[in-house]
Structures are given as structure tokens and as C-alpha cells.
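Structure first, then comments.
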Amino acid sequence: MGGVAFLGAEWLALARELFGNLAPRPGATARVQRVVTGAPDGDVVFTLAFEDGRLVDAALADGDQPDPDAELTITTTYADTQGLASGDIDLSVAVMQGRAKVAGSTRALLALLPVTRSREFRAARAALHERTVAPVMPASG
């Protein structure tokens, strides 16, 4: 079964397509930097730009420099990022449990959280997950 590589440029382009057509949610506008630690090929950094609840841009970072325009940075492990992407982990729960480290604008986070709970968002997330191929992490030991 074919698919796009998890956290790669094609994956982000597909995410932009799927999450770019959500119903508008006025005020859910923010630029979010995502930092994923412990990925198979090293840490991954990308930026997501939302306008009124729709994903309008998604791109891998150029190097390891922080996005100066990001209002919010969310850092998660690779395993937790897989859980968030599949819907097995809820972002608000991950934040409360300390599994998602948040820095920056609380306003931006609170504006975006309701979007992640919408039926449309969950459907787009499921569609993205169905078309994603993720490398298996080696067992630690």
C-alpha cells in the first residue's frame, strides 16, 4: 500500500490540502511551529499556518532555526506525534499531561484547540492517517 512519508514535505502538502478545506472558524488564526524530537532521521521542525481554522500553509523548517513569526511552539516526541496524527492522543490532554510542551501564545493555543475537536478536523486527520506511511522505530534496549 502506497502513501506519503510521515512528517515529510509530501505529508505536509497533503495535510494542507485536507485541512485547508475545513469550515471557517473565525479567530482560530495562528502560526505554529512544531518540533518533533526523536524521529528516525533526527528531530523534525515544521510550521503550520492557520487562518480562521483552515490550514493555509505547512512547510518544513529551513535548518534548525526557530520560525521568528511563530506565535506558538509545540514540542512532542516522535511517538506522541504519531499518536496525535492518528487521533489516539488528544492535543489538549497531551498538553495537560506534559507530553506536549507549549511555548508562546496561550491565546493561539486556546483559539486552535476547538478546531482540533471538530468532526471535520477528525475526518481530515483520519484521511491523512490512512495515506501516511511511518517508519517503525527500533525497539530501545
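None of the figures in this text is laboratory data; all of them are computed from the coordinates on show. Remember, predicted model here, so these are calculated numbers, not experimental data. Reconstructed Cβ throughout: ideal geometry from the backbone, glycine too, with neighbour counts over all protein chains shown.
Tabulated values for the structure
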{"read-out": "Average Cα contact separation per residue, the chain, under 8 Å, 6 or more apart, as relative contact order %", "value": "29 percent"}
{"read-out": "Per-residue ³J(HN,Hα) for region 115-125, Karplus 6.51 cos²θ - 1.76 cosθ + 1.60, θ = phi - 60°, Hz, x for Gly and Pro", "value": "4, 5, 9, 6, 4, 4, 5, 4, 5, 5, 4"}
{"read-out": "Rounded FRET efficiency, nearest 0.05, which uses the C-beta distance separating LYS101 from ARG131 and R0 of 25 Å", "value": "0.35"}
{"read-out": "Beta bridges per DSSP with both ends in region 4-131, % antiparallel, nearest 5", "value": "75 percent"}
{"read-out": "Exposure proxy ranking, count of Cβ atoms within 10 Å, fewest first, for ILE74, ILE89", "value": "ILE89, ILE74"}
{"read-out": "Local electrostatic count at LEU72 - Lys and Arg +1, Asp and Glu -1, tallied over other residues with Cβ under 15 Å", "value": "-1"}
{"read-out": "Full-stretch length increase - ALA23, ARG122 - with 0.36 nm per residue and alpha-carbon distance subtracted", "value": "34.4 nm"}
{"read-out": "Alpha-carbon spread of the chain, three principal axes, descending order, Å", "value": "45, 32, 30"}
{"read-out": "Centroid-to-centroid separation of region 34-54 and region 79-141 [C-alpha atoms, Å]", "value": "10 Å"}
